[in-house]
Amino acid sequence: MAHAIKDLFPEAKLAIGPSTDEGFYYDIDRDAPFAPEDLEKIEKRMKEIVKKNSPFVRKDISKTEAVELFKKMGENYKVELLQEIQDDTVSIYEEGGFTDLCRGPHIEKSGKVKAFKLLSIAGAYWRGNEKNKMLQRIYGTAFENKDDLNAYLNFLEEVKKRDHRKLGRELDLFSMNDEIGAGLILWHPNGAIIRKTIEDFWRNEHLKADYKILYTPHIARLDLWKTSGHVEYYSENMYSPMDIDGVDYELKPMNCPFHIAIYKSGLRSYRDLPVRYAELGTVYRYERSGVLHGLLRVRGFTQDDAHVFCREDQIEEEIQNVLNFTVFVLATFGFDNYDIYLSTRPEKFVGTPESWERATDALRLALEKRGLAYQIDEGGGAFYGPKIDIKIKDSLNRSWQCSTIQVDFNNPERFDVTYRGSDGKEHRPIMIHRALMGSLERFFGILIEHYAGAFPLWLAPVQLSVLTIAERHGDYAQEIGRALKNSDIRTEINTDNEKIGYKIREATVRKIPYLVIIGDKEVSDKMITVRKRNGENIGPFTVEQFTDIIKRAIGDRQ
Ligand code: ZN
């Protein structure tokens, strides 16, 4: 691609162009912006280069020689890169009269390229630093054959269709707005009702599993974050402190210290443990503006957080419980495929090797008892304890990091957390941090893409719409609609003076799970037929019969 670009646009300067998991890109400095038609021209030229089947020839030359060469070519970005290379010799590759600085390896001839496509153009700062010049990045992908390329292009189409930012707009779920600030989410009514449904489910299940629900503030004194170690180790993700009555306060990046404070508000004995605290806790973390992305990377978000304080002899059972709970919650949202990682002790750690071993064994045992396959990330644990990370796979088989279960030997020490043992002495409990969905914002973004906006009945913002064919059907539609609403079914009644075909189309675009269409026959028979989102008709039912069916489905979280 670089060769083709230099042929067509000799003034363009080449920066960095690596291969990636999904293909390749090249960052290019050129005053005029590349247009989509330019991509076609470049592709055409690339095909000609492939046809020539010229060999890629590697040459190892001295760094000084290379600097001279690229200076002469006017490739100042390459010269800058060369100046940072420590080695005395560097490799360059030549192909059909085109020369580039490259570590290699390369295919032997350009004719080996079989199927490729240039995908998009984006802005990218030189070396990823927003203080540097903005370059143009051209993305492409390549495969061994046309079929694989086409399968990948179809996948990209599907990804685009499911983009949660696009669906968020179309289904009026959420928005972001420069006036409010980057990375801050506004939940619109349709998104908010889904969030409330998720939160209700989450809280109820936590109460059933013997967690206590907490609420804690959004700010706390800076000193608290010094005790927790955040100021020392996490400050690049925290916002500047604010002054309140001459005391520094800080927006919370995590909930843990608050839960510890509640634990410490009373005396705890060995009989009180385990103590399980859960909170939908909103935190604020600094993210560079360049990495913010819809709901997936934000600056303010709500974690579905929990902390378990337990004795060392309870750790196996507690981790087993947490893992089973995690799998149950994820499966409820339609995720049953996971990539699981168990991260073990790094070189620098707190706590004793024996307690690390015990905790790591407990994590491993829980995974094995549950029959979950996992990979070990040797030495990948945080300094404060081992952990399990669970990546869920969505309907396009993409992986998303959501759940984490972490053992913590550090915070109980830092905050002097204790319980009174059966021996009458003070002991340190073990602390487990865990999040199932990760954050509500991110999980919502994943859900939107997983379901392509067609949420299952129990989550759908509007579960059912009653549509009238003519004005004279309005009274009966109201009657039915009211009965369904009174049964807690999120119902909408559409008696607008529009053609029924139009009303059905509009409801279909909004992906409403059930439509009840009221005409003369429905009014006279007192029966309804129901049109499902996939176009299938079911019924006829009495309103009571149908209410039962739909309520049961919602109860089963279908
Ligand atoms: Zn925590």
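The values are calculated or read from the model by the stated rules, or taken from the named source; none is laboratory data. Just so we're clear, the structure is a prediction, and the values are computed from it rather than from any experiment. Here Cβ is always computed from backbone atoms with ideal geometry, including for glycine, and neighbour counts include all displayed protein chains. Calculation scope for accessible area: heavy atoms of the full protein, side chains included, ligands and nucleic acids excluded. Shrake-Rupley method; radii C 1.70, N 1.55, O 1.52, S 1.80 Å.
Before moving on, here are some points about what is shown:
- When 479, 492, 498 are screened for being open to solvent by 30 Å² or more (accessible area, probe 1.4 Å), assigned by TED's automatic domain parsing to the domain that holds residue 532, among the acidic types (Asp, Glu) and within 34 Å of the chain's Cα centre (by Cα), only 492 passes.
So that you can scan it fast, the table gives a plain yes or no per residue for (1) closer than 30 Å to residue 414 by Cα; (2) touching a strand residue (DSSP E or B) at 6+ places or on another chain (Cβ under 8 Å):
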{"position": "186", "(1), (2)": "no, yes"}
{"position": "192", "(1), (2)": "no, no"}
{"position": "196", "(1), (2)": "no, no"}
{"position": "263", "(1), (2)": "yes, yes"}
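- For residue 21: the one exception among (1) assigned to a helix (DSSP H, G or I); (2) open to solvent by 60 Å² or more (accessible area, probe 1.4 Å); (3) under 21 Å from residue 128 (Cβ atoms): (1)
- Options 460, 454; residue that is closer than 30 Å to residue 482 by Cβ, open to solvent by 20 Å² or more (accessible area, probe 1.4 Å) and not in a helix (DSSP H, G or I): 454
Rundown of residues vs (1) assigned to a loop (DSSP other than H, G, I, E, B); (2) touching a residue at least 60 places away in the same chain (Cβ under 8 Å); (3) not assigned by TED's automatic domain parsing to the domain that holds residue 270, yes/no style:
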{"site": "302", "(1), (2), (3)": "no, yes, no"}
{"site": "315", "(1), (2), (3)": "no, yes, no"}
{"site": "345", "(1), (2), (3)": "yes, no, yes"}
{"site": "348", "(1), (2), (3)": "yes, no, yes"}
{"site": "359", "(1), (2), (3)": "no, yes, yes"}
{"site": "379", "(1), (2), (3)": "yes, no, yes"}
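- Of the candidates 236, 205, 279, the single residue that is assigned to a helix (DSSP H, G or I), surrounded by 15 or more Cβ atoms within 10 Å (Cβ to Cβ) and charged (D, E, K, R) is 205.
- Looking across segment 167-201, the residues that are open to solvent by less than 70 Å² (accessible area, probe 1.4 Å) and free of Cβ contacts under 8 Å to residues at least 24 places away in the same chain come down to 175, 177, 186, 187, 188, 192, 200.
- Test result for residue 286, away from the ligand (no atom under 16 Å from the Cβ), assigned to a loop (DSSP other than H, G, I, E, B), farther than 19 Å from residue 413 by Cα and hydroxyl-bearing (Ser, Thr, Tyr): yes
- For segment 390-416, residues that are open to solvent by less than 20 Å² (accessible area, probe 1.4 Å), within 16 Å of the ligand (Cβ to nearest atom) and under 22 Å from the mean Cα position of the chain (by Cα) total 3.
- Checking residue 529 against (1) touching a strand residue (DSSP E or B) at 6+ places or on another chain (Cβ under 9 Å); (2) touching a residue at least 24 places away in the same chain (Cβ under 8 Å); (3) β-branched (Val, Ile, Thr), the condition it does not meet: (2)
- Those helices (runs of 4 or more DSSP H) lying entirely in segment 30-115 with at least 3 residues exposed (fewer than 15 other Cβ atoms within 10 Å of the Cβ) and in contact (Cβ under 8 Å) with a residue 12 or more places away in the chain: 36-52
- Of the residues 261, 306, the single one that is within 14 Å of the ligand (Cβ to nearest atom) and exposed (fewer than 15 other Cβ atoms within 10 Å of the Cβ) is 261.
- Pairs where the first residue, in segment 242-262, is in a strand (DSSP E or B) and the second is within 16 Å of the ligand (Cβ to nearest atom) and of a type in the set (A, V, I, L, M, F, W, C), C-beta under 7 Å, 6+ apart: 249/220; 250/220; 250/225; 250/238
- Within segment 417-443, being without any contact (Cβ under 8 Å) to a residue 24 or more places away in the chain and either surrounded by fewer than 16 Cβ atoms within 10 Å (Cβ to Cβ) or farther than 17 Å from residue 384 by Cα (or both) holds for 423, 424, 425, 426.
- Filtered residue count, segment 534-545, keeping only those that are closer than 26 Å to residue 452 by Cβ and crowded, with 17+ Cβ neighbours inside 10 Å: 0
- Residue check for residue 369: away from the ligand (no atom under 16 Å from the Cβ) and either under 26 Å from residue 207 (Cα atoms) or touching a strand residue (DSSP E or B) at 6+ places or on another chain (Cβ under 9 Å) (or both): yes
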